[in-house]
Amino acid sequence: MVIACDQFSSQPEYWKDVKETVEDAPVELPHVLLLCDDRSDGLMEWLSGKKEEMRKIYNFNLMKEGGHISGWLVSGKLAKDFEKKITSYENISAEMPYAVGDGNHSLATAKVCYENYKKTHSDTENANAPARYAMVELENIHDKALKFSPIHRIVTETDEEALLDELQKTCCAPNGYPVQWYTKERQGVLYLNPNKSRLAVAILQNFLDGYLKNHRGQMDYIHGEEALKNLAEKENAVGFLLPAMEKRELFPYVTESGTLPRKTFSMGHATEKRYYLEARQIR
């Protein structure tokens, strides 16, 4: 099983643990959501209309108020026709056909495991190894059911007033992006300078990364406004309530800037997230 934890994948110790604990695992159970910029909806909508040609392989209620889910097997001629549509879409969207919406670190972990596998196997074995590929879930970013939720920031064990002063001095400007902040005693709004980035989360993340290299404090990523406010009630803490990223901003931003700041958005709330249902043999 390939497992990744976003908060720790930037740390060298994480990759050492990957090598020791999961590298030789025979099965992956991933959670990688691959987004396509299919404005005409010629992929998923077309495939959904072919359900009568597919075999239903699961159909049940999900735990924890997750709703209901059904799955159909795409095989035979239908699979080949869908591959042709995928190829056509990729040719049209050659500059950037896909973006990883969730599971970046799971995908990175799978790649590291395969790169290590290659070192001890022949070219023929590497070319045909199941671990060469990763299983993903393809979703159209323009699907109305797909919603982006913000991921907020909390800094604890810090001098919150000094942090806010430095952020005000170095990253703010009139008529900037409004970001609300909370401490135990106070709350307010800072306006982040739009000349620094087209995303408020990028400005704040870059500032916090640099600030915490030279000042005390621990940063964490928080889902939900109430959870953030509750954590900001602690001594020596400051929370930042970030706006949600617009879906239409994703592909243009990544095309222009290369990568999103880590933990830019979450696709839905916890009870709406994709469950771990499909597994694949990789050894």
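Since every read-out is calculated from the coordinates, none of them should be taken as a lab result. These figures come from a predicted structure and were not determined experimentally. Note that each Cβ is placed from the backbone with ideal geometry, even for glycine, and that neighbours are counted across all protein chains shown.
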Extension gain, residue 95 back to residue 70 (0.36 nm per residue minus Cα-Cα distance, nm)
5.7 nm
Dipole-positive endmost among 205, 75, 140 within the chain (Cβ charges, Cα centre)
75
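Given a Förster distance of 30 angstrom, what is the FRET efficiency for residue 256 paired with residue 77, based on the Cβ-Cβ distance and rounded to 0.05?
Efficiency at R0 = 30 Å is approximately 0.15.
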Helix 160-171 sits at what angle to the longest principal axis of the chain, using alpha carbons and giving 0 to 90 degrees rounded to 10?
70
Tell me which residues come under 5 Å, amide H to amide H, from residue 153 once H is placed; ignore anything under 5 positions away on its chain.
222, 240, 242
Using each residue's phi in the range 188-203, evaluate 6.51 cos²θ - 1.76 cosθ + 1.60 at θ = phi - 60° and report the 3J(HN,Hα) Karplus result to the nearest Hz, with x for Gly and Pro.
x, 10, 10, 10, 6, 5, x, 6, 7, 5, 7, 10, 4, 5, 5, 4
Taking a label point 7 Å from the Cα of residue 168 along the Cα→Cβ vector, which residues of the range 188-223 have an amide N closer than 13 Å to it?
188-191
Please get the size of the charge dipole for the range 148-267, origin at its Cα centre, with Cβ charges of +1 on Lys and Arg and -1 on Asp and Glu, quoted in debye to the nearest 20.
380
Between the Cα axis of helix 104-118 and the main Cα principal axis of the chain, the angle (0 to 90°, nearest 10) is 50
Once Lys and Arg get +1 and Asp and Glu get -1 on their Cβ, which of 215, 152, 164 lies farthest toward the positive end of the dipole of the range 148-267?
152
In the neighbourhood of residue 123 defined by beta carbon distances under 15 Å, the net charge of the other residues (Lys, Arg +1; Asp, Glu -1) is +1
In terms of the charge dipole of the chain, which places +1 on Lys and Arg and -1 on Asp and Glu at the beta carbon, the residue among 255, 236, 86 farthest towards the positive end is 86
In a GNM of the chain with a 10 Å cut-off on Cα contacts, which of 131, 94, 237 has the highest mean-square fluctuation?
94
Net +/- balance of residues flanking residue 184 in space, Cβ distance below 9 Å, scoring K and R +1, D and E -1:
-2
How much FRET efficiency would the formula 1/(1 + (r/R0)^6) give for residue 41 and residue 278, where r is the Cβ-Cβ distance and R0 is 30 Å, rounded to 0.05?
0.80
Pop a pseudo-label 7 angstrom from the Cα along the beta-carbon direction at both residue 137 and residue 24 and give the gap in nm to one decimal.
3.2
Of 57, 154, 92, the most mobile residue in a GNM of the chain (C-alpha springs, cutoff 10 Å) is 57
Could you give the size of the charge dipole of the range 84-227 about its Cα centre, using +1 on the Cβ of each K and R and -1 on the Cβ of each D and E, expressed in debye and rounded to the nearest 20?
420
To the nearest 10 degrees, the tilt of helix 12-21 (Cα long axis) against the first principal axis of the alpha carbons of the chain is 30
Would you list 105, 215, 152 from fewest to most Cβ contacts within 10 Å?
215, 105, 152
Just to be sure I understand: with springs between alpha-carbon atoms less than 10 Å apart, which residue in 176, 49, 188 has the highest mean-square fluctuation in the Gaussian network model of the chain?
49
Computed helical MRE - 222 nm, the chain, DSSP H runs ≥ 4 contributing -39500 (n - 2.57), nearest 500
-10000 deg cm²/dmol
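What does the charge dipole of the chain about its Cα centre add up to, to the nearest 20 debye, if the Cβ of each Lys and Arg holds +1 and the Cβ of each Asp and Glu holds -1?
Using only the charged Cβ atoms, the result is roughly 540 debye.
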